[in-house]
Amino acid sequence: MKEKFLLFQNAANDCMVYPLAKLKSIEAASTALNFTFDTISGEDVLSVTCAATEHAQMVSLAEFLGGPAHNDGVYVIADDANSVYAVDGMTAVGAAS
């Protein structure tokens, strides 16, 4: 089976790609979804700003990730440089922390 990856880009030269298999959780916060990944150094957390309807966005995101596989194996979650987002209402992604 081909591995799937999640792409986050917050500037023209600032892009992060994580294997979907390393995703530990997605937690809703006030107007944000926080993605936590297992990494060699511990954990990375990426915060994606979204509309105040976090629950609806979580459902849409789960449908997006559980839907048909992309041919290239990459799911664009948030791309600020090109204004591409997996779910309507997402508006920005921060740097990994």
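The values are calculated or read from the model by the stated rules, or taken from the named source; none is laboratory data. Given the structure is predicted, the values throughout are model-derived calculations rather than measurements. Neighbour counts are summed over all protein chains in view; Cβ atoms, including those assigned to glycine, are modelled from backbone coordinates with ideal geometry. Only protein heavy atoms, including side chains, enter the accessible area calculation; ligands, DNA and RNA are left aside. Shrake-Rupley method; radii C 1.70, N 1.55, O 1.52, S 1.80 Å.
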Under 8 Å between Cβ atoms, which residue pairs at least 6 apart in sequence (or on different chains) link something in segment 78-97 that is more than 10 Å from Leu46 (Cα to Cα) and buried (at least 16 other Cβ atoms within 10 Å of the Cβ) with a partner that is modelled with pLDDT of 90 or more and charged (D, E, K, R)?
Tyr85/Asp79
Selected residue [at pLDDT 90 or above and at positive phi] from Gly42, Gly73:
Gly42
Condition met for Ala28 (modelled with pLDDT under 95, open to solvent by 40 Å² or more (accessible area, probe 1.4 Å), small (Gly, Ala, Ser) and within 14 Å of the chain's Cα centre (by Cα))
yes
Of all residues in segment 52-77, count the ones that are closer than 15 Å to Leu33 by Cα, touching a residue at least 40 places away in the same chain (Cβ under 8 Å) and loosely packed, with under 15 Cβ neighbours inside 10 Å.
0
Looking at Glu43, is it open to solvent by 70 Å² or more (accessible area, probe 1.4 Å), free of Cβ contacts under 8 Å to residues at least 12 places away in the same chain, touching a strand residue (DSSP E or B) at 6+ places or on another chain (Cβ under 7 Å) and in a strand (DSSP E or B)?
no
